[in-house]
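Structure record follows, encoded as structure tokens.
Every read-out reported here was derived from the displayed coordinates using simple, explicitly stated rules and does not represent laboratory data. Note that the coordinates shown come from a computational prediction; the quantities given were computed from them, not determined experimentally. No Cβ is skipped: glycine too gets one built from the backbone with ideal geometry, and neighbour counts run over all protein chains shown.
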Amino acid sequence: MLRFLARKAARLRRDRRASAITEFAVILPVLLAVWAGMAELAHAIDEWRKLTLLARTAADLTAQGDTQNPIGTTLMNDIIASAANVMRPFDTTNVKIVVSAMGVDITKLNLIPQVCSSVANANATARSTGPASDLVVPPGYQTTGMRYVLAEVSISYTPMLGSALVKLVKGIGNQITFAATVPWPTRGGKTYGSNTFTEVIVPGTTTKACDGSAP
């Protein structure tokens, strides 16, 4: 009997089938977490890339101007509405879009730009005309009298997987805000005052805040 029990014990020690199942059970949650993280990261990067493309599109189309100045309201609405096409297949219900015509002082190189005119979609608020103290004239645009278009877009991103887990991170909600800001050289519009750079004026602005002597 003792020999029989000893043989059974020895055979049990050599049997590794149960250990493989145990190891797999331990590593499976880690593998699933890695897979979910990679899938979430790829999805987030894709949406951020589409948002950046939206900002570039809005800035480029606005910078081309219109046959009239200010830009016609219908055309500007079409430019803003391009979000639905550029951001596909992502939801654009809550996307914020602000497009502003910016200017640099024509008498001195002031690195705080002036908001000449600004427009926004229904989710956002247009910038007030005048100095934009929260901005700096981008490199490449730091020339007296320069005019350019600035597109600012943002969207709240909700993770596809594990949005509840994101809440567990201290100080972070279940949403992350993606934002993109793109300056674009003005290619349309008209010159005003003594300035030699053309300026595009977006609709909704009754005064030319950057009309030459007093940008």
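Length gained on full extension, ILE112 to THR125, computed as 0.36 nm times the residue gap minus the Cα-Cα distance: 2.7 nm.
May I ask you to derive the relative contact order of region 16-185, considering only C-alpha pairs under 8 Å and at least 6 residues apart, and to give it as an integer percent?
24 percent
Summing charges over all other residues whose Cβ lies under 12 Å from the Cβ of THR125, with Lys and Arg as +1 and Asp and Glu as -1, gives +1. With the cut-off at under 18 Å, measuring from each backbone N in region 79-106 to a point 7 Å along the Cα-to-Cβ line of THR191 picks out 103-106.
Whole-Hz Karplus values for region 48-62 come out as 5, 4, 5, 5, 5, 5, 4, 4, 5, 5, 4, 5, 5, 5, 5 Hz, taken residue by residue from phi with 6.51 cos²θ - 1.76 cosθ + 1.60 and θ = phi - 60°; glycine and proline positions read x. Residue-wise, which Karplus ³J(HN,Hα) couplings in Hz belong to region 104-110, taking 6.51 cos²θ - 1.76 cosθ + 1.60, θ = phi - 60°, and x for glycine or proline? Taking θ as phi minus 60°, the curve returns 9, 3, 7, 9, 8, 7, 8 Hz for region 104-110.
For ILE71, the amide hydrogen comes within under 5 Å of the amide hydrogens of ILE201, VAL202, counting only partners 5 or more places away or on other chains and with H modelled in the peptide plane. Lys-Lys pairs in region 16-185 that are eight or more residues apart or on separate chains and whose Cα atoms lie under 30 Å of each other come to 5.
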